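A short worksheet on the structure shown next.
Here, each number is a calculation from the coordinates, and none is a lab measurement. Since the model is a prediction, treat every value here as computed from it, not as a measurement. Neighbour counts run over all protein chains shown; Cβ positions are idealised from the backbone, glycine included.
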Amino acid sequence: MALQTFEPPVAPSPGTTFKPKVTLNRADFGDGYVQASPRGLNHIRENVELSWHGLTEPQMILIRAFFEAHGGYTPFWYQPRGRTEALLWTCEAWTVSDAAPWRVTGTLVQWFGPGE
């Protein structure tokens, strides 16, 4: 089955946060000396926090339904602002606020597992 592309009905609100997570093998020695090396081939995993403010109810439903349908474990394609190409992501955490107008936030985590 081909992976879906996340195409929200409106662009995320300004303020997208990019927060890479770096995983290293690290040895700290008692005299302050440190040795470090990358843990695996993809040791830098991007995390992107997106927010949509001022949504109509139908727009909120589309975004929420997409995240729910992927269940936090099925990857999808998305090209965040500032990236030159779409990458694979999952979304394990999102929130919906009904403070009129609707607001949705979601944290996308870069996916390096099996895709298509």
ask   = Mind checking which residues of segment 94-116 are surrounded by 13 or more Cβ atoms within 10 Å (Cβ to Cβ), more than 19 Å from Phe18 (Cβ to Cβ) and not hydroxyl-bearing (Ser, Thr, Tyr)?
value = Val96, Pro101, Trp102, Arg103
inquiry  = Step by step: first the residues of segment 1-17, then only those that are among the hydrophobic types (A, V, I, L, M, F, W, C) and surrounded by 13 or more Cβ atoms within 10 Å (Cβ to Cβ), then the one that is nearest to the chain's Cα centre (by Cα). Which residue is that?
reply    = Phe6
Flag if Leu62 is under 20 Å from Ala2 (Cβ atoms), within 11 Å of the chain's Cα centre (by Cα) and surrounded by 11 or more Cβ atoms within 10 Å (Cβ to Cβ) = no
Selection from segment 78-93 of residues that are buried (at least 18 other Cβ atoms within 10 Å of the Cβ) and assigned to a loop (DSSP other than H, G, I, E, B) = none
query = So which of Thr84, Thr95, Thr17 ends up being among the hydroxyl-bearing types (Ser, Thr, Tyr) and touching a residue at least 12 places away in the same chain (Cβ under 8 Å)?
reply = Thr17
